[in-house]
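The values are calculated or read from the model by the stated rules, or taken from the named source; none is laboratory data. Given the structure is predicted, the values throughout are model-derived calculations rather than measurements. Don't worry about glycine lacking a Cβ; one is built from the backbone with ideal geometry, like all the others, and counts go over all protein chains shown. Only protein heavy atoms, including side chains, enter the accessible area calculation; ligands, DNA and RNA are left aside. Shrake-Rupley method; radii C 1.70, N 1.55, O 1.52, S 1.80 Å.
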Amino acid sequence: MFNPSAEAMPLPDLRALQLSRLQATVARLQERVPMYRQKFAEAGLTPDDLTSLDDLRRFPFTRKADLRDTYPFGLFSVPRSDLRRIHASSGTSGKPTVVGYDENDLAVFAEVVARSLYAAGARPGMLFHNAYGYGLFTGGLGTHAGGERLGLGVVPVSGGGTERQVSLIEDLEPEVIACTPSYALVLADALAARGHTPETISLRYAVLGAEPWSETMRREVEARLGVVATNIYGLSEIIGPGVSNEDAAERQGSYLWEDHFYPEVVDPATGEPVPDGEDGVLVLTSMTRTAMPLLRYWTGDITRLLPGGNATGRTMRRMDGIRGRSDDMLILRGVNVYPTQIEAALAHLADLRPHYQLVLSRTGTMDDLLLRIESAHQGAELRGEVVRLVKMMVGVSIACELCEPGSLPRSEGGKLRRVVDLRTAR
Ligand code: ADP
């Protein structure tokens with residue numbers, strides 16, 4: 001279901017469509033949502049002030065705290081009786097927040113996920129093993145509806161219960177799987193333990209997201225499951241998974257479905273937009289939602305925007321892999337560090353496995369970072385090499401502990417927390 005009239009829209013048409021959709025969204029928020037009415041008034045703005053895409057930067061951001069302050073239904077712009085579904089963020093950072101969908105929103109959700117799954121390689125008629133968690137988390141039900149919309153046969157396995165997952169994969173022989181990248185590695189281990197090789201596993205395409213992952217992990221998942229693995233990105237506040245997805249043949253940045261979600265990347269300190277290609281915080285506006293559209297939502301996710309890809313025919317911009325959330329950023333003796341940067345620095349050390357944990361502690365006024373990483377071999381020489389590479393490529397001094405394969409925590413089906421902060425436990 002490649003939709004050329006949307007995905008390959010000439011850029012001037014796309015920009016014109018975005019402007020008119022943004023104008024409609026701002027007008028809707030002004031009319032129906034008291035918090036926005038107040039924010040616009042405080043900024044001295046009315047919907048008429050949005051006359052070009054560039055004007056958007058004058059409008060206020062929406063932040064997670066705004067959802068908490070108006071919990072549960074304060075940001076909704078339809079009557080409660082129009083709601084057809086409620087989801088909640090998984091609460092990775094703080095108290096959960098709820099989001100709502102009306103009939104239109106569910107159709108948009110299914111459409112963008114169908115587009116994403118198609119970009120990931122899925123084709124109508126394939127079987128789809130959906131191992132994202134079902135429930136309040138958007139991952140399970142969101143990808144489910146998109147799979148049905150694309151014409152896949154969806155197996156609603158949900159997360160966890162690894163042995164059962166493996167049996168279902170053996171028996172039903174699905175071509176497509178979706179789950180978190182850390183759980184894909186757990187499934188790869190379990191399949192290998194049952195004597196499978198990539199050739200005996202039916203899966204061909206893996207659609208992985210909901211947490212940051214690296215090229216090292218991609219290589220590992222692809223080699224061990226015998227799949228092409230693409231990145232799917234999204235968040236409940238904007239819709240859920242399916243804000244963007246990589247193309248299976250290209251795998252260099254995820255196409256952001258810009259006819260529904262307007263992206264900006266801003267400087268985390270000043271909030272000012274940075275040019276495409278530069279890193280900053282991703283800010284998204286939902287332009288086609290009706291139950292709960294959000295204006296300039298501060299995702300906290302650090303990435304950069306890339307131009308559309310000529311090879312795939314899509315004109316929409318791509319976003320690079322997420323380096324981390326701005327609240328995952330570790331500041332170590334004045335240097336900003338994201339967990340994925342450390343992983344990337346070690347990509348070519350063949351003995352290391354993509355299972356690691358970062359432990360932050362404090363001695364006196366100094367923060368210390370310990371990298372615990374699984375390795376096929378333990379030895380002072382390799383440990384020294386890890387410390388040296390991280391110092392050289394990330395710019396911070398760390399300590400390293402090489403751990404036995406299988407000894408560090410694994411995903412239990414959902415998102416994996418890699419940072420253990422002992423400083424707050426004092
Ligand atoms: P929560 O904020 O409680 O985790 P969500 O379940 O909506 O709520 O998760 C959305 C967040 O998950 C995103 O803001 C982002 O930090 C992370 N995320 C989702 N997809 C990806 C991805 N492909 N790569 C990296 N991070 C991702």
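Do we find that V112 is outside any loop (DSSP other than H, G, I, E, B), in contact with a Ser or Thr (Cβ under 6 Å, 6 or more places away or on another chain) and closer than 30 Å to L152 by Cα in this structure? Break it down into steps so the answer makes sense when it comes.
Values: outside any loop (DSSP other than H, G, I, E, B): yes; in contact with a Ser or Thr (Cβ under 6 Å, 6 or more places away or on another chain): no; closer than 30 Å to L152 by Cα: yes.
So V112 fails the test.
Return only the number of the condition from (1) in contact with a strand residue (DSSP E or B) (Cβ under 8 Å, 6 or more places away or on another chain); (2) over 25 Å from M1 (Cβ atoms); (3) of a type outside the set (S, T, N, Q) that I238 does not satisfy.
The one condition I238 does not meet is (2).
Please go through segment 338-358 and give me each residue that is open to solvent by 30 Å² or more (accessible area, probe 1.4 Å) and more than 27 Å from S116 (Cα to Cα), ordered by number. Walk me through how you get there before you give the answer.
Filtering segment 338-358 down to residues open to solvent by 30 Å² or more (accessible area, probe 1.4 Å) leaves 341, 344, 347-348, 350-351, 353.
Scanning segment 338-358 gives A347, H348, A350, D351, R353.
Step by step: first the residues of segment 118-148, then only those that are among the aliphatic types (A, V, I, L, M) and in contact with a strand residue (DSSP E or B) (Cβ under 6 Å, 6 or more places away or on another chain), then the one that is most open to solvent (accessible area, probe 1.4 Å). Which residue is that? I'd like the intermediate steps shown before the answer.
We begin by selecting, within segment 118-148, every residue among the aliphatic types (A, V, I, L, M); these are 119-120, 122, 126-127, 131, 136, 141, 145.
Subsequent filtering for residues that are in contact with a strand residue (DSSP E or B) (Cβ under 6 Å, 6 or more places away or on another chain) retains 119-120, 122, 126-127, 131, 136.
Working: A119: 4, A120: 1, A122: 1, M126: 21, L127: 56, A131: 0, L136: 110 Å².
Filtering segment 118-148 for residues that are among the aliphatic types (A, V, I, L, M) and in contact with a strand residue (DSSP E or B) (Cβ under 6 Å, 6 or more places away or on another chain), the one most open to solvent (accessible area, probe 1.4 Å) comes out as L136.
What's the total number of residues in segment 3-30 that are without any contact (Cβ under 8 Å) to a residue 12 or more places away in the chain and charged (D, E, K, R)?
The number of residues fulfilling the criteria is 1.
Answer yes if at least one residue in segment 314-337 is closer than 20 Å to Q252 by Cα, surrounded by fewer than 17 Cβ atoms within 10 Å (Cβ to Cβ), in contact (Cβ under 8 Å) with a residue 24 or more places away in the chain and of a type in the set (A, V, I, L, M), and no otherwise.
No.
State which residue pairs qualify: first residue part of a helix (DSSP H, G or I) and inside segment 67-91, second residue open to solvent by 70 Å² or more (accessible area, probe 1.4 Å) and acidic (D, E) in any location, beta carbons under 9 Å apart, and separation of 6 or more residues or different chains.
D82/E103
Restricting attention to segment 70-97, and to residues there that are at pLDDT 95 or above and closer than 17 Å to G234 by Cα, which single residue is nearest to the ligand (Cβ to nearest atom)?
H87
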